[in-house]
1. Looking at the structure I just gave you, is Met110 at pLDDT below 95, part of a strand (DSSP E or B) and within 30 Å of Glu44 (Cβ to Cβ)?
2. Can you name the number of the only condition in (1) assigned to a loop (DSSP other than H, G, I, E, B); (2) touching a residue at least 60 places away in the same chain (Cβ under 8 Å); (3) not aromatic (Phe, Trp, Tyr) that Ala60 fails?
3. Going residue by residue through the range 26-44, is there one that turns out to be among the polar types (S, T, N, Q) and within 14 Å of Thr119 (Cα to Cα)?
4. Given the options Ile86, Ile63, name the one that is touching a Leu at 6+ places or on another chain (Cβ under 8 Å), surrounded by 15 or more Cβ atoms within 10 Å (Cβ to Cβ) and within 14 Å of Thr123 (Cβ to Cβ).
Amino acid sequence: MKKITDKKSSAGFSLIEVLVALAIVAIVSVSIIGSTVGMSMHAERYQEDIQLSFLLKALAGDIFLRGLPASKSASFDTHPDYTWRIEIRPLRFGEFEGITAPISKKEVLMTVIAPSGRTVSATMVI
């Protein structure tokens, strides 16, 4: 006849071990998801920064090649959700002794506005 023994099986994991492992996996998952969301928000912002810079350069090139536009603000034909505006001022160097020649250059302040309200500006002399 066989003897019945009451040995506890050592195979498998205890409930505490499973709960600890599950908690570790949950913490790691939450941190990874948080990082991913944060990176995607930064990526959208960087993409908008690049677009603003590109459109500002296009505006400056257009003014350089074609001259000052008739209107002082408008939206871009290729990106209607982005707008631009310009301010034109006479270029002033201040008071210098001995300089009597008039300066006919103009200072143009260009600003591009994104749909989010973020802006980028630059000044050029023409």
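1. Details: at pLDDT below 95: no; part of a strand (DSSP E or B): yes; within 30 Å of Glu44 (Cβ to Cβ): yes.
No.
2. (1)
3. Going through the range 26-44, the residues among the polar types (S, T, N, Q) turn out to be 29, 31, 35-36, 40.
Remaining after also requiring within 14 Å of Thr119 (Cα to Cα): none.
Within the range 26-44, not a single residue is among the polar types (S, T, N, Q) and within 14 Å of Thr119 (Cα to Cα).
4. On the way: Ile63 fails: touching a Leu at 6+ places or on another chain (Cβ under 8 Å).
Within the list Ile86, Ile63, the selection yields Ile86.
The values are calculated or read from the model by the stated rules, or taken from the named source; none is laboratory data. Owing to the predicted nature of the structure, the values given are computational and were not obtained by experimental measurement. Don't worry about glycine lacking a Cβ; one is built from the backbone with ideal geometry, like all the others, and counts go over all protein chains shown.
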